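Readers should treat all values here as calculations from the given coordinates under stated rules, not as data from a laboratory. Note that the structure is predicted; figures quoted are calculated from it, not measured. Using ideal geometry, Cβ is built from the backbone for each residue, glycine included, and neighbour counts are taken over all protein chains shown.
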Amino acid sequence: MTKRFAKLFLLVLLASGCGVVPERSSPARLHDLGPLSSPSYRVPAPWSSVRVTAPEWLKDDRIRYRLAYSDPTRVGVYTLDRWIAPPPDLLALRFSLSGDGGPFGIRIELQAFEHIFERPDLARGLIRFRASVYDLGSRKPLAERTFVLDRISPSPDAAGAVASLANLADDAIAGVRTWIDEMDLARETSLGAR
């Protein structure tokens, strides 16, 4: 009876598609923030040192989303798409490549880097961070500010998340550059050195 039961169990198991050998899953598609715009079109930023920190949950390569319309406290991840590196590393590289060797250092505390669905067919990227700027020579802190940037995604899926977050990374750089320019920190730093 036991032998017959074992054969029957094996037959049911195989018929249901649960084989002994696991199916090969397709590899995840890897994404970065894309190429920088042509140097002739971008204004160099006045920093030469960048450091980006983040909480533990942002230190992996998963692309996160949130269904704000139905389950706003649950954070999901896209399973077939990943960042090529954790978001803090991608953002640090992007900020570093945008610097012109100027007199400032930038510290970024990344707080959010996610795709938020307002409804099933409408999503937006969101980046929230605290930026601190300091004088490289004296290490003196000069200013800090929190930035909250969002942008409607071109599509409500992983590709839309990547596109909107990549654009927001560039918006973050432009925002920090404009903030520094508006405060005229370069002038204040040179006056303080006299």
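Quick notes on this structure:
- Sorted peptide list for 75-88, 144-157, criterion being average Cβ within 10 angstrom, highest first: 75-88, 144-157
- Computed over segment 38-192, the ratio Rg/Rh where both radii use C-alpha atoms and Rh is Kirkwood: 1.02
- For Ile63, the amide hydrogen comes within under 5 Å of the amide hydrogens of Tyr78, Trp83, counting only partners 5 or more places away or on other chains and with H modelled in the peptide plane.
- Taking segment 38-192 and dividing mean pair separation by its residue count, relative contact order in percent (alpha carbons under 8 Å, at least six apart): 22
- Taking amide H as placed 1.01 Å from N in the peptide plane, the amide H of Val52 sits under 5 Å from that of Ile108, each at least 5 places away or on another chain.
- For Ala68, nonlocal amide neighbours, meaning residues 5 or more places apart or on other chains whose placed amide H falls under 5 Å from its own, are Phe117.
- Listed peptides 105-115, 50-60 by packing density, highest first (mean Cβ within 10 Å): 105-115, 50-60
- Each residue of segment 83-97 was assigned a 3J(HN,Hα) from its phi angle through the Karplus expression (A = 6.51, B = -1.76, C = 1.60, θ = phi - 60°), giving 6, 6, 8, x, x, x, 5, 4, 5, 4, 5, 4, 5, 4, 5 Hz with x at Gly and Pro.
- Between the beta carbons of Arg29 and Asp89, assuming R0 = 30 Å, the FRET efficiency works out to 0.95 to the nearest 0.05.
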